[in-house]
1. Of all residues in the range 231-283 being of a type in the set (K, R) and out of contact with any Leu (no Cβ under 8 Å at 6 or more places or on another chain), which is farthest from C130 (Cα to Cα)?
2. Of the residues C46, C73, only one is part of a loop (DSSP other than H, G, I, E, B) and under 29 Å from E246 (Cα atoms); which?
3. Taking the criterion of being at pLDDT 95 or above, outside any strand (DSSP E or B) and touching an Asp or Glu at 6+ places or on another chain (Cβ under 8 Å), would at least one residue in the range 182-190 satisfy it?
4. Hey, can you tell me all the residues within the range 242-275 that are acidic (D, E) and in a strand (DSSP E or B)?
5. Taking the condition of being modelled with pLDDT under 90, surrounded by 13 or more Cβ atoms within 10 Å (Cβ to Cβ) and either over 27 Å from N66 (Cα atoms) or aliphatic (A, V, I, L, M) (or both), how many residues in the range 117-141 meet it?
6. Assuming D164 fulfils every condition listed in (1) acidic (D, E); (2) within 23 Å of A281 (Cβ to Cβ); (3) outside the structural domain of N273 (by the TED database) apart from one, which condition is it?
7. Only residues that are β-branched (V, I, T) and farther than 30 Å from D144 by Cα: list them for the range 216-268, please.
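The values are calculated or read from the model by the stated rules, or taken from the named source; none is laboratory data. In this text, all values refer to a predicted model and were calculated from it rather than measured experimentally. All Cβ positions, even for glycine, are placed from backbone atoms using ideal geometry, and neighbour counts span all protein chains on display.
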Amino acid sequence: MNNKMSDSTMNNTVGIVGSRRHEPTHPSMCPGTSTDLASLFECPVCFDYVLPPIIQCQSGHLVCSNCRPKLSCCSTCRGPLGNIRNLAMEKVAETVTFPCRYQMNGCNVVLLHTEKPEHEDACEYRPYHCPCPGASCKWSGALDQVMGHLNQSHKTITTLQGEDIVFLATDINLAGAVDWVMMQSCFGHHFMLVLEKQEIDGRQHFFAIVQLIGSRKQAEHFTYRLELNGHRRRLTWEATPRSIHEGIASAIMNSDCLVFDSNIAQLFADNKNLGINVTIATV
């Protein structure tokens, strides 16, 4: 991405140049006995937990399912890995509570092994990925580091202040897949506004969406409104902003955002520029 991060307050409107895009938990403290039992399930390679189905080597040593395909022999005894199920350990695992894998990041939740995958997929302490559209930036880090990353690595993203602004996408007739990105700062939070253009079945489609630089719980406290207005026409979309933890790919795939084609865009465009009124409100 070649975007700039800078503050702008003139008329709460700025032109954005598009850039081409490359194609249930248990929050209780774990008892000492359960902690001791959980330690028996630690993988000797990555120190994550070995969870059912549990496979042991011929000498009874365990390794997790993520590390096992990478090994040619047991990491403990160097013997053959084998394909022996340890049914006794699997039975014990049914009663043990395990800490979240993001415990070192601050998560204190403990859960049964059957609940770990769902929780960890949505855990607020999971590393956040760069929210900029496209696949060129591979950065990830803690939530409180996201804005620093954007300021440092995506300096051309413009920031507008206030809950009511105009997101002006310039030259919307650019060929191919294009992204327009802008930041909006209000209510003590930062929101990323994204307009994507994609070609689907030979037709150009636009997808506009707002995501919060924050957690899913924080996003639930806000709503956003996108509005195309002009030439005695109006097109609006209201929704809860996506957390950058969720990203926008699934929302765009399911059309869970403001969607319009190039014909609609031309109805509201002015000299190849498209203004989208953006309003953020608290719930």
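1. R232
2. C46
3. Yes, the range 182-190 contains a residue that is at pLDDT 95 or above, outside any strand (DSSP E or B) and touching an Asp or Glu at 6+ places or on another chain (Cβ under 8 Å).
4. D261, D270
5. The total comes to 3.
6. Evaluating D164 over (1) acidic (D, E); (2) within 23 Å of A281 (Cβ to Cβ); (3) outside the structural domain of N273 (by the TED database) leaves (3) as the failure.
7. T236, V259, I264
To keep it simple, each residue is scored yes or no on (1) outside any strand (DSSP E or B); (2) in the same structural domain as F222 (by the TED database).
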| site | (1), (2) |
| --- | --- |
| F98 | no, no |
| T114 | yes, no |
| E118 | yes, no |
| G148 | yes, no |
| A175 | yes, yes |
| K197 | no, yes |
